[in-house]
Amino acid sequence: MDKATIKKYNYWQWRTLIILMIGYALFYFVRKNFSIAMPALESELGLSKTQLGIFLTLNGVIYGVSRLVNGMLADRFSRKRMMALGLLLSALVNIAIGFIPAINGLFNVLDASGKATIGFVYILGSLWLINGYLQGMGYPPCSSLMAHWIRPSELATKQSIWNASHSIGAGLLALMIGGILGAFGHSAWQWCFWAPALLAIFGAAMIFFGLKDTPASVGLPNPEDMDAHLESGEPAEVEDPALTKLAYKKFVSRMAFGNPIIWMIAIADFFVYVIRFTILDWGSTILVQDKGLDITLAASIIGACEIVGGIVGMLVAGWATDKFFHSKTQCTSAICTIMAVVCLFVFWQVKDIPWLFIAMLIMSAFFIYGPQALLGIAASNQATKRAAATANGIVGIVCYLSPIVSGAVFGAIADNPNLGWDGVYIAAIAMGIVGAILLAILWNKPADGYAKAGKLMEEVKAEYEALKKADTK
């Protein structure tokens, strides 16, 4: 393979990775803006925490379903078109949310004092539910495009780089919305939806015109063929399609759905996500209402949680896993989860020392983003490459049930005068402890399932040979 081909491949690989990072960060601009704007929605429109929590719950659950549905569609249709369309439509939904007050008169959405009526609540909830589905059109194309463009030997490292787009998007968004509300007050809540949406529209155009679905579309070989050539100079061995189909069925059944470790990881990740969403979705509201900070500072702190806590936390957790725990992600995840709980407890207890409770919230994010990133890798390793996508689908569906708790339940608790934010802290801490215990139970399990998979593959090949002999007769 000539140097020009390798150079062209590297150019398109990095171009794809960078566009995917920017594009997915912009998905967060029109997804997490609602959470950061909640104090303004509550004060300006009179929405209750229970109502806001229900919106978060519905959005999160439909997002989990959408990821599964669009994951299957992404293997059949153009991935760049799916991602661009999802971002564009999500931006349009955000723009529509900002215009809800403008339809007052046509529909009764505001009362005499300018507060939201039940009609406003239904329209906002419906639009945010639609947005949850559209947001599920972002992750599947990203994971599929990376698998198509990045060599297997580099996928783990470069996908980890892409994973930082979550925190970059949420962090920059928090700074943007904090600046808008700080400069213009809570009455500018509509711009918390309009400004991110305008950026997202440009992002959708960048995705559509900047990405290619496959290397073949620009005259390049598949990434696995690049690996085979660089290692041996020979093309990769082609497995019999019939054997591949049989292996897929067996691996999905036993290494994913029938694997108790996958289900333990999924349930533990549910509790991890409760902590994560408590910080990300309610953090700015808690800092304003429970800690007495202004919205600009609160939004900046949530931005720091994402950028400093999220990105650095993920990188440190990944390094520690390989350095000290021999790639056993469950060990690092257990330690990180319990440390996140400790930091959240200190954040709760400290009232009058701002620098300390701010530091504790950021450190809680630092620790919780470790398992948030690692448990997906754990599922892939335990299920092996033949069932990794299915295993991650299982984990994704379970962990995105967590907004039922972190959204509606925590919103209702916060609204209860006998519980308030103290009740939210206690519930979140208890769930974090349960998650840490589940991960600790997995402590001595192997780092991956490849030894088990080797035995299963021997069974598959034996069954395959028996079927071939039967067909011959």
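Please specify each residue of the range 287-314 satisfying the condition of being within 23 Å of A436 (Cβ to Cβ) and surrounded by fewer than 24 Cβ atoms within 10 Å (Cβ to Cβ). Reasoning before the result, please.
Of the range 287-314, the ones within 23 Å of A436 (Cβ to Cβ) are 305-306, 308-314.
Correct list: V308, I311, V312, M314.
Within the span defined as the range 9-32, every residue fails to be surrounded by fewer than 21 Cβ atoms within 10 Å (Cβ to Cβ), in contact with an Asp or Glu (Cβ under 8 Å, 6 or more places away or on another chain), modelled with pLDDT of 85 or more and polar (S, T, N, Q).
Within the range 115-141, the residues that satisfy the criterion of being surrounded by 22 or more Cβ atoms within 10 Å (Cβ to Cβ) and polar (S, T, N, Q) are N131, Q135. Checking each residue in the range 86-113 for being at pLDDT below 90 and polar (S, T, N, Q) picks out N104, N108, S113.
Out of curiosity, is K469 at pLDDT below 90, in a helix (DSSP H, G or I) and of a type in the set (K, R)? Lay out the reasoning, then the answer.
On the way: at pLDDT below 90: yes; in a helix (DSSP H, G or I): yes; of a type in the set (K, R): yes.
The answer is yes for K469.
Residues that are of a type outside the set (V, I, T), closer than 26 Å to F345 by Cα and surrounded by 23 or more Cβ atoms within 10 Å (Cβ to Cβ) do not occur anywhere in the range 253-263.
For the range 429-473, name all the residues that are of a type in the set (D, E) and under 27 Å from the mean Cα position of the chain (by Cα). If the condition is that a residue be of a type in the set (D, E) and under 27 Å from the mean Cα position of the chain (by Cα), then D448 is the only one that fits.
Determine whether P215 is assigned by TED's automatic domain parsing to the domain that holds A170, at pLDDT 75 or above, farther than 30 Å from I180 by Cβ and not aromatic (F, W, Y). Yes.
Select from the range 26-84 the residues that are outside any helix (DSSP H, G or I) and either closer than 13 Å to L134 by Cβ or small (G, A, S) (or both) and list them in ascending order. If you could, list the steps in order and put the result at the bottom.
Pass one, the range 26-84, residues outside any helix (DSSP H, G or I): 30-32, 46-48, 75-78.
Correct list: V30, R31, G46, S48, S78.
Here T278 clears all of (1) at pLDDT 90 or above; (2) within 15 Å of G376 (Cβ to Cβ); (3) surrounded by 23 or more Cβ atoms within 10 Å (Cβ to Cβ) except the condition numbered (2). When the criteria are applied in full, N418 meets the requirement of being modelled with pLDDT of 90 or more and either over 25 Å from I307 (Cα atoms) or buried (at least 24 other Cβ atoms within 10 Å of the Cβ) (or both). Scan the range 100-107 and give yes if some residue there is free of Cβ contacts under 8 Å to residues at least 24 places away in the same chain, under 26 Å from G203 (Cβ atoms) and not β-branched (V, I, T), otherwise no. Looking for residues that are free of Cβ contacts under 8 Å to residues at least 24 places away in the same chain, under 26 Å from G203 (Cβ atoms) and not β-branched (V, I, T), one finds at least one in the range 100-107, hence yes. Mind checking which pairs have a first residue in the range 293-319 that is over 22 Å from M38 (Cβ atoms) and a second that is in a helix (DSSP H, G or I) and among the polar types (S, T, N, Q), Cβ under 7 Å, 6 or more apart or different chains? Final answer for the pair search is I311/S167; M314/N163; A317/T332; G318/S160.
The values are calculated or read from the model by the stated rules, or taken from the named source; none is laboratory data. It should be emphasised that the depicted structure is a prediction, and the values quoted were computed from it without experimental measurement. Glycine also receives a Cβ, built like all others from the backbone with ideal geometry; neighbour counts cover every protein chain displayed.
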